[in-house]
1. Quick check on packing: order 33-40, 364-371 by the mean number of other C-beta atoms within 10 Å, highest mean leading.
2. Percent relative contact order of segment 1-44, based on C-alpha pairs within less than 8 angstrom and at least six residues apart?
3. Principal axis lengths of segment 185-338 from Cα atoms, whole Å, largest first?
4. Given the Cα atoms of segment 41-107, and with Rh set as the inverse mean 1/r over their pairs in the Kirkwood sense, what is Rg to Rh to two decimals?
5. By per-residue mean of other Cβ atoms within 10 Å, what is the highest-first order of 245-257, 341-353, 75-87?
6. With contacts defined as alpha carbon pairs under 8 Å and 6 or more residues apart, what's the relative contact order of the chain in percent?
7. Please identify the GluC sites (Glu not before Pro) of segment 260-314 that satisfy two criteria: DSSP loop assignment and at most 15 other Cβ atoms within 10 Å. Which are they?
8. Keeping the other protein chains in place, figure out the carbon and sulfur percent of the accessible area of the chain, with a 1.4 Å probe.
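The values are calculated or read from the model by the stated rules, or taken from the named source; none is laboratory data. On a predicted model such as this, the values are computed, not experimentally measured, just so you know. Cβ atoms come from the backbone with ideal geometry, glycine included; neighbour counts cover every protein chain shown. The protein model used for the area step is the full one, side chains on, heavy atoms only, and it has no ligands, DNA or RNA in it. Shrake-Rupley method; radii C 1.70, N 1.55, O 1.52, S 1.80 Å.
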Amino acid sequence: MQNYKMWIGGKWLDAVSGKTYRIVNPATGEEITQVPLGDKRDVDNAVEAARNAFPAWSKKSQTERSAIMMRIAQAIREHAQDLGSLDVLEHGTPIRDAIPSVIFSAERIEYCSQVARGFMGAVQPIKSNVLFYLQREPIGVCSLIIPWNVPLRMIASKLGTALTLGNTCVIKPPSINSLVALRLGKILEELDILPPGAVNIITGPGGSVGEALSSHPDVGLVSFTGSCETGKAIMQAASQTVKRMILELGGKNPFIVLKDADLNAAVSKAVPISFVNSGQICAAPGRFYIHENLYDEFVERFLADARKIVVGDPADQRTQMGPVVSAEHRNNVEAYIQSAIDEGAQLLLGGKRPETPPLDKGCFVMPTVFGNVTQNMKIARDEIFGPVVPIMKFSSEDEVLKLANDNTFALSASVWTKNLSKALTFVNELQAGYVWVNDHMALSSEQPWGGFKQSGFGKENGVLSLQEYTQIKAVSIQI
């Protein structure tokens, strides 16, 4: 069993406490290894290392930093196989998805490094004898708190932007799957192109490491992706020192199929994105609203395709859906399934654990579909974050707009129609940070991501994310 340590100040260290905790393979239930159980003392050490590295890193030219980030992206590409294999091992991501996800992570860093070169300042004419300009500057030490569903992608989004612009960082990877982050630390160590302490990686629970990073007086920004409840706790901790914050707190994304939609296109998109990563994607559809004239046919086609999803060993190239991330999360998903049954939804597919070896040993939830769901059921209101699909019917466009907006989350939404006028009406009326028309979950590094309401605030990815990780200084010089 490999011995893992935290990466602080360019050194591999055990936790100050000497304690460790287990990382478990969700496909088998077996222990993979143990990693250090960090606490506030480790956070203090990492933040100090990041603060000490900030002058050297921030004073490099943007051209120099961008070149270094391009080299990091290339190294991630070169190590795609071992990074992807770790994602399979500790998260249960099917290998057919894990390797492309690593490449996508490298692309995100490449995008940031390229765009940043033309981003950091602007001269504005005021008077003939006054030179006035806006100067963008890095914020300082950034705490990057990473979710467990697509950890490398989220590290790439946050670290790629923060580091490229001259900030230094402390990464807190998810407790239950920290190995990909630590492997990235090893890649950075081997490259030896960053000042020691420019990037630090601390393993441990959110209740201790995350809280300490959020409240630390020397941290200038906290970027967090995760649950709304944890986000509120981070806001409270960060408010004591008035930090900059970026919060992406989940969603319950409506997938709306109007009467005139292309049903083939809608179903062919709906099924794979409902079960990719075992439904553990914040952008995935969280509730389906189907016009009553199309409802029966949509459900029939959806079920036919969903039955073809291959659930199995994530290391097998044929597997399309692996386990959920942990036994605890499986229990949460199963509680939602039971609540739907208790509330009168019609179970159309799945709803049970696999009973045959070897899947019976892992944290598997079979693709599950409910029909005749109503708006007030828990599965229609809460973010399940698993392979559970609630399908509802509606009669009018006014009705479905009210239903779609009737939720505390407002991350994303999609509307399916052949009518451009209707499409634009829904774009304007839907409460969501991102709206797709005749598509869903199409994302790239160029497209900013973030929601409204209790889905959080701030943007990741795209040019807008660069604004989040910098602060503007106005300069006026009398000539």
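1. Order by mean packing, descending: 364-371, 33-40.
2. It rounds to 40 percent for segment 1-44.
3. Cα extents, longest axis first: 58, 37, 32 Å.
4. Numbers: Rg = 16.1 Å, Rh = 14.1 Å.
Result: Rg/Rh = 1.14.
5. 245-257, 75-87, 341-353
6. On the way: 1084 pairs, mean separation 89.4, N = 479.
Dividing the mean separation by the residue count of the chain yields 19 percent.
7. Details: sites: GLU292, GLU297, GLU300; in loops: GLU292.
Counting only loop positions with at most 15 other Cβ atoms within 10 Å, the GluC sites (Glu not before Pro) in segment 260-314 are GLU292.
8. It is 51 percent, rounded to a whole number.
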